[in-house]
Every structure is written in structure tokens, then in C-alpha cells.
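Coordinate-derived values only; no laboratory data. Predicted model only: the values in this text are computed from it and were never measured. Cβ placement follows ideal geometry from the backbone for every residue including glycine, while neighbour counts extend to all protein chains displayed.
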Amino acid sequence: MDGHEQPILVNNHQSWHEIILNRPEKLNAFTDDMHRALVKALDAAAGEDCRAVLLSASGRGFCAGQDLNMRVSEGGPHDLGATIEEFYNPLIRRLQRLQKPVICAVNGVAAGAGANIALSCDIVLAAKSARFIQAFARIGLIPDSGGTFFLPRLIGDARARALIMTGEAVSAQQAHDWGMIWKVYDDKDLHDEAVKLAKWFAEQPTQGLALAKEALNYSSSHSLDEQLDFERDQQRKAGFSPDYREGVTAFMEKRLPSFTGRKA
Ligand code: LHQ
């Protein structure tokens with residue numbers, strides 16, 4: 001493990017968890033052990049006490065995707081589909097299904113699966129020096145981890161297609177201007193801003209946010225009619241939540257709400 005005991009670090013602040021990719025000398029490229037540790041961290045973050053997740057990374061990069069060294073050193077050829085089935089697809093599904101906001105702080109280069117893992121999070125913040133690279137084509141692969149799903153939806157088919165087929169890097173500012181990510185900060189401010197947002201989310205109506213997240217995910221593969229029905233059902237659930245009652249009561253009493261994030 002390159003002298004680094006733990007490829008994933010977790011800062012558990014009870015109401016929010018920071019999960020840190022931690023193989024800095026390999027730009028946090030993913031090994032199987034790292035995947036297994038990330039699953040544990042995300043499972044812990046799925047508990048009701050945790051109301052927001054911040055995914056961040058150690059060192060100068062965010063994540064360089066799959067550790068390619070593992071692939072060549074173990075001999076080959078390998079069934080990459082098996083690796084995706086075992087690790088990457090469950091990871092993206094976990095992030096999408098987590099019933100709370102997932103913030104990603106992209107501190108440096110995000111390449112290959114590393115870029116697409118970031119894009120699968122709910123809110124992506126980046127440092128000015130960060131870059132997003134669909135590095136797959138450079139080595140004869142295709143985007144995985146949802147890249148062919150998220151990218152065209154975020155920035156349109158023309159840009160997605162060119163990025164995927166050329167492997168050209170996109171700066172954080174360009175990614176922001178194209179609507180690929182939410183905000184860009186000076187490198188020195190990124191982490192503080194990401195923490196601020198995670199803490200803020202940890203005090204919001206978590207069930208309502210989870211229902212909204214689910215509705216947004218549902219919209220990518222359903223018609224307007226289906227979506228309207230889904231919104232009705234989600235709103236019904238939200239309307240029975242203690243945080244809705246608190247939100248309305250606080251509004252009527254002209255005071256700030258105190259949300260618990262608890263289920264009805
Ligand atoms: C790395 C890596 C890396 C190992 C940097 N592996 N060591 C899914 C399923 C199954 C299999 C295949 O893949 C997938 C999904 C994927 O993610 S495929 C795409 C994999 N990623 C890439 O192709 C990106 C490879 N990396 C790069 O192109 C560059 O490193 C980038 C552009 C990310 C950064 O460049 P630099 O800032 O110039 O840094 P560097 O290249 O010098 O890297 C620093 C170190 O990190 C270096 O190690 P060393 O011991 O020489 O200092 C690199 O070898 C190592 N590293 N990426 N993916």
C-alpha cells in the first residue's frame with residue numbers, strides 16, 4: 001500500500017462524514033483494497049446520524065482512476081468488465097443512492113474513473129488548478145463509472161463526445177462554465193468551502209433532500225408524465241416528515257428552523 005496504511009481515511013463528525021482518498025503518491029489511483037475501504041466508509045455514512053458526505057483527496061491530485069500498475073504487474077489480459085462489475089458500478093450506484101447530499105471536492109487532477117466518480121456526486125466543487133480528463137481513449141478504453149451517462153447530460157453531446165474521443169483535459173474554470181461542476185475556488189480555499197457546505201447540509205431537512213435527489217435521478221430515464229407522478233409521491237412523503245412540519249412552523253413563527261433530518 002505504498003507505505004500508506006490506509007488508502008481511505010474517514011473523518012467522522014457525527015452529522016457529516018469526510019471520506020478522503022489517500023494514496024497521494026499515485027494521485028489516489030484505485031486499488032482493490034481502496035475500493036473495499038471506500039465501500040466500508042460509504043456504508044458507515046449511510047446511517048441516519050450522518051446527514052452529509054464530503055468526498056475529498058490527499059495530496060496534489062484528486063484521483064487518477066484505476067491503478068494501471070496493478071493491471072500490468074498482475075499479468076494479463078484481464079477481464080476489465082469483472083473489475084467494473086465488482087467495484088466501479090457498485091460504487092457509482094452507492095453514491096447515487098446515498099440518501100443525503102454527497103459533495104465532492106476536486107483538489108487536483110481527476111482522470112479516468114476518477115473524473116467520473118467526481119461527476120456522479122451531487123455537488124462538485126473544484127480548485128482552480130484542478131483538471132478533468134476522460135483519459136480512457138488514450139489507453140484504448142471507453143469511459144466507465146457512468147461517464148457516458150453523466151457527461152452528455154451535464155455538458156451536451158458535442159462536448160462530451162469530443163472530450164471522450166480526444167481525452168483532452170478540461171480546466172476547472174471551463175468545467176464550471178460548461179455546467180459540468182457547481183463552483184470553483186482558489187486552491188487554498190477549496191477545502192474550507194467544501195467543509196462549510198457539508199456542515200450546512202448537515203443542518204438541512206435531510207429527508208426532503210434525499211427525496212429530491214431520488215426524483216432528480218429518476219428524471220434521467222422517465223417521461224414527464226411518469227416524473228409528475230413520482231414528484232407527487234415524493235412530495236407526499238416529504239409532507240409527512242418532521243422537518244416539513246418544523247420548516248412551516250418556524251416560518252409562521254418568524255424564527256430559524258431547527259431540522260433533525262429524522263424520518264417520519
Ligand atoms: C498512476 C496512475 C494510475 C497508477 C498516476 N495508475 N499510477 C476501470 C476498470 C478496470 C481497468 C481499467 O480502468 C478502469 C477505469 C480507469 O480509470 S482507466 C483510466 C486510468 N487512468 C489513466 O489513464 C490516467 C493515468 N494517469 C495520467 O495520465 C497522469 O498521471 C495524470 C494526467 C493523471 C497526471 O499527470 P501528472 O500530473 O504529470 O502526474 P504523473 O503522471 O507524474 O503521476 C504521478 C505518479 O502517479 C506517477 O508515479 P511515479 O511513481 O512515477 O511518481 C504515476 O505513475 C502515478 N500514477 N496515475 N492511473
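Under 8 Å for C-alpha pairs, at least 6 residues apart: give me the relative contact order for the stretch 133-264, rounded to a whole percent. All intermediate terms of the calculation are to be shown ahead of the outcome.
Details: 109 pairs, mean separation 25.4, N = 132.
Normalised by residue count, the contact order of the stretch 133-264 is 19 percent.
Rank the residues Trp200, Trp16 as a footprinting-exposure proxy: fewest other Cβ atoms within 10 Å of their Cβ go first. Could the numbers behind the result be given before it?
Values: Trp200 13, Trp16 25.
Result, fewest neighbours first: Trp200, Trp16.
If packing is taken as the mean number of other Cβ atoms within 10 Å per residue, what is the order of 215-223, 167-175, 238-246, highest first? Before the final figure, lay out the partial values.
On the way: 215-223: 12.4, 167-175: 18.4, 238-246: 16.7.
Highest to lowest by the protection proxy: 167-175, 238-246, 215-223.
Tell me what the chain gives for mean residue ellipticity at 222 nm when only DSSP H runs of n ≥ 4 count, each as -39,500 (n - 2.57), the sum divided by the residue total, rounded to 500 deg cm²/dmol.
On the way: 12 runs with 118 residues, N = 264.
Mean residue ellipticity, 222 nm, calculated: -13000 deg cm²/dmol.
Going highest first, how would you order 135-145, 251-261 by mean Cβ packing within 10 Å?
Numbers: 135-145: 16.8, 251-261: 12.8.
By packing density, highest mean first, the sequence is 135-145, 251-261.
Return a whole-number percent for the relative contact order of the stretch 3-201, with Cα pairs under 8 Å and 6 or more residues apart as the contact set. Let's see the in-between values first.
Numbers: 393 pairs, mean separation 38.4, N = 199.
For the stretch 3-201, the relative contact order is 19 percent.
How high is the relative contact order of the stretch 86-155? Use alpha-carbon pairs under 8 Å, at least six apart in sequence, and give a whole percent.
Numbers: 94 pairs, mean separation 23.6, N = 70.
Relative contact order here is 34 percent.
Would you work out the charge dipole size for the stretch 3-201 about its Cα centre, treating the Cβ of every Lys and Arg as +1 and the Cβ of every Asp and Glu as -1, and quote it to the nearest 20 debye? Kindly include the intermediate steps, with their values, before the conclusion.
Values: 21 positive and 23 negative charges, 83 e Å.
The dipole magnitude comes to about 400 debye.
Over 10 Å intervals from 0, what percent of Cα-Cα pairs in the chain sits in each interval?
Over the chain, the share of Cα pairs per 10 Å bin runs 7, 28, 35, 21, 7, 1, 0 percent.
Test of understanding: ordering Val106, Val10 by Cβ neighbours within 10 Å, fewest first, what list do you get? Before the final figure, lay out each step's value.
Numbers: Val106 32, Val10 18.
Going from sparsest to densest Cβ surroundings: Val10, Val106.
Report, to two decimal places, the Cα Rg of the stretch 122-216 normalised by 2.2 N^0.38 Å (N = number of residues).
Cα Rg divided by the expected 2.2 N^0.38 Å: 1.23.
Taking every pair of distinct Cα atoms and averaging 1/r, then inverting, what Kirkwood hydrodynamic radius in Å comes out for the stretch 206-252?
On the way: mean 1/r = 0.0884 Å⁻¹.
One decimal place: 11.3 Å for the Kirkwood radius.
As an exercise, use a Förster radius of 22 Å and the Cβ-Cβ distance of Glu168 and Glu25 to find the FRET efficiency, rounded to the nearest 0.05. Kindly include the intermediate steps, with their values, before the conclusion.
Values: r = 26 Å, r/R0 = 1.17.
In this case the efficiency is close to 0.30.
Based on other C-beta atoms within 10 Å, arrange Ile117, Ile92 from fewest to most.
Working: Ile117 26, Ile92 23.
By the 10 Å Cβ count, ascending, the order reads Ile92, Ile117.
Using only the Cα atoms of the stretch 1-112, each taken as one equal point scatterer with no solvent, compute I(q) by the Debye sum, divide by I(0), and report log10 of the ratio at q = 0.11, 0.17, 0.21 Å⁻¹.
So the normalised log intensities work out to -0.35, -0.82, -1.20.
For the chain, find the longest principal axis of its Cα atoms and tell me its angle to the long axis of helix 32-45, 0 to 90°, nearest 10.
0
Once the Cβ-Cβ distance between Leu154 and Glu253 is put in as r, and R0 is 51 Å, what FRET efficiency do you end up with, to the nearest 0.05?
Details: r = 40 Å, r/R0 = 0.79.
Efficiency at R0 = 51 Å is approximately 0.80.
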